[in-house]
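Visitor: Below you will find the structure I want to go over with you.
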């Protein structure tokens, strides 16, 4: 955080800055925003500003949790900071009001937990939305990592989280019902495996709620130049996907796999001047929420289900498209919704017998698997049967009766079997995904999977 430190090294390192053992202080916050405004990531920057006598150890963490939680605001994200007296190599990870923000690789001394909580509470209260069930957790010890996997894949009760926080002797603070403690504790329990980064730029406070000034062409050029960024621009629809539409403090969020690339990429974006920016370590784009090889299906969770298409697609009012798939759990209805645009055309082209795997959230009512991504593994033969043609006159023969084949009424010729014609498929095996604007934060884009969609559909409307 501070520009100089008596223990700081002068070199930079490409290593992932993490201190998961030994002395450090974890600070986690969740549920400070609303569906229409504020942003918990902004609160994290305010905490950094408040604790300016301490150092960040590694990047702040933006941890997305189960997107099916019914009481979520928007992206269901918790924020986690590790702070103390830093030592060793440092790197610049942001700026706040013109001041460089650094993070350190190692820790020299941990702060006092009670003092940290006392200082963090006002920063949260000042920046939370009315009615938000905010939760703050401060702890020298992280919760068991299994709590993260429960939080990203299931719906947890507060009682279970309270017991784990009591076990690790965490200090906590809540507002309203305090559901934010669930997300804060689960985010603190995250042990990064597959992970990504997001550089979030924030607007000057006096601009909040006004139209954002960002040049779309500059984002398109940035996206083409910096290949390790993702979900910034959708070429198929020529649409910017990294700029929010809500009246929140965020100017844009630039995601990528290479942390060191993001500040340079952000510099290529033509926009209003951000008041601050920070690079977060995240679990976004990892598919951590997907349960593979499930033993049961429970609504409010997300699954990867293999199966065989059992019926043709049905288009419903509002532009939604549904298809039935036979699975080991019986027939499941899968949905592709209007915001996914041309992705819905995949369902239109599927036929009975096609083998697919659908990744998505299982909704309870109506019971539907909402498709986030689909793998087509095998295509059935699309064959049509028709009455054979008469070899003499060329006219179609008529049925001679059940089990008696066909005959031409004029020429008296006969045939035993119908004509079978193989129709060409306008589909190919491979992965299919919605445009970037319709993807969930946690969904792993094909770009990160080193995969390309084999067929690009013409725009739906």
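The values are calculated or read from the model by the stated rules, or taken from the named source; none is laboratory data. No experiment lies behind these values; they were computed from the predicted model shown. Don't worry about glycine lacking a Cβ; one is built from the backbone with ideal geometry, like all the others, and counts go over all protein chains shown.
Visitor: In region 294-308, how many are out of contact with any strand residue (DSSP E or B) (no Cβ under 6 Å at 6 or more places or on another chain) and free of Cβ contacts under 8 Å to residues at least 40 places away in the same chain?
Guide: Number of matching residues: 2.
Visitor: Since residue 326 meets every condition but one in (1) outside the structural domain of residue 232 (by TED's automatic domain parsing); (2) more than 30 Å from residue 147 (Cα to Cα); (3) in contact (Cβ under 8 Å) with a residue 40 or more places away in the chain; (4) surrounded by fewer than 17 Cβ atoms within 10 Å (Cβ to Cβ), which condition does it not meet?
Guide: If we test residue 326 against (1) outside the structural domain of residue 232 (by TED's automatic domain parsing); (2) more than 30 Å from residue 147 (Cα to Cα); (3) in contact (Cβ under 8 Å) with a residue 40 or more places away in the chain; (4) surrounded by fewer than 17 Cβ atoms within 10 Å (Cβ to Cβ), just (3) comes out false.
Visitor: Using the structure shown, decide if residue 275 is assigned by TED's automatic domain parsing to the domain that holds residue 219, out of contact with any helix residue (DSSP H, G or I) (no Cβ under 9 Å at 6 or more places or on another chain), crowded, with 17+ Cβ neighbours inside 10 Å and closer than 26 Å to residue 32 by Cβ.
Guide: For residue 275, the condition - assigned by TED's automatic domain parsing to the domain that holds residue 219, out of contact with any helix residue (DSSP H, G or I) (no Cβ under 9 Å at 6 or more places or on another chain), crowded, with 17+ Cβ neighbours inside 10 Å and closer than 26 Å to residue 32 by Cβ - is not met.
Visitor: For region 240-258, which positions are in contact with a helix residue (DSSP H, G or I) (Cβ under 6 Å, 6 or more places away or on another chain), assigned to a strand (DSSP E or B) and in contact (Cβ under 8 Å) with a residue 60 or more places away in the chain?
Guide: 256
Visitor: Right, next: Kindly indicate which of 229, 154 is under 25 Å from residue 42 (Cβ atoms) and surrounded by 15 or more Cβ atoms within 10 Å (Cβ to Cβ).
Guide: 229
One line per residue, one yes/no per condition, for (1) over 24 Å from residue 59 (Cβ atoms); (2) modelled with pLDDT of 95 or more; (3) surrounded by 19 or more Cβ atoms within 10 Å (Cβ to Cβ):
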{"site": "128", "(1), (2), (3)": "no, no, yes"}
{"site": "147", "(1), (2), (3)": "no, yes, yes"}
{"site": "163", "(1), (2), (3)": "yes, yes, no"}
{"site": "172", "(1), (2), (3)": "no, yes, yes"}
{"site": "176", "(1), (2), (3)": "yes, no, no"}
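Visitor: For region 418-445, which residues satisfy the criterion of being more than 10 Å from the chain's Cα centre (by Cα), in a loop (DSSP other than H, G, I, E, B) and under 15 Å from residue 374 (Cβ atoms)?
Guide: Those that are more than 10 Å from the chain's Cα centre (by Cα), in a loop (DSSP other than H, G, I, E, B) and under 15 Å from residue 374 (Cβ atoms): 427, 428, 429, 433, 434, 435.
Visitor: Is there a residue in region 97-104 that is surrounded by 18 or more Cβ atoms within 10 Å (Cβ to Cβ), within 24 Å of the chain's Cα centre (by Cα) and not in a loop (DSSP other than H, G, I, E, B)?
Guide: So far as region 97-104 goes, no, none of its residues is surrounded by 18 or more Cβ atoms within 10 Å (Cβ to Cβ), within 24 Å of the chain's Cα centre (by Cα) and not in a loop (DSSP other than H, G, I, E, B).
Visitor: So, of the residues in region 40-59 that are farther than 16 Å from residue 139 by Cβ and touching a helix residue (DSSP H, G or I) at 6+ places or on another chain (Cβ under 6 Å), which turns out to be surrounded by the fewest Cβ atoms within 10 Å (Cβ to Cβ)?
Guide: Filtering first and then ranking leaves 50.
Visitor: Since residue 222 meets every condition but one in (1) within 18 Å of residue 277 (Cα to Cα); (2) out of contact with any helix residue (DSSP H, G or I) (no Cβ under 7 Å at 6 or more places or on another chain), which condition does it not meet?
Guide: Checking residue 222 against (1) within 18 Å of residue 277 (Cα to Cα); (2) out of contact with any helix residue (DSSP H, G or I) (no Cβ under 7 Å at 6 or more places or on another chain), the one that fails is (2).
Visitor: Another question about this same structure. Any residue in region 386-409 that is within 30 Å of residue 320 (Cβ to Cβ) and surrounded by 13 or more Cβ atoms within 10 Å (Cβ to Cβ)?
Guide: For region 386-409, residues within 30 Å of residue 320 (Cβ to Cβ) and surrounded by 13 or more Cβ atoms within 10 Å (Cβ to Cβ): absent.
Visitor: Here is a list of conditions, (1) closer than 29 Å to residue 265 by Cα; (2) without any contact (Cβ under 8 Å) to a residue 60 or more places away in the chain; (3) touching a strand residue (DSSP E or B) at 6+ places or on another chain (Cβ under 7 Å), and residue 61 meets all of them except one; can you say which number that is?
Guide: (2)
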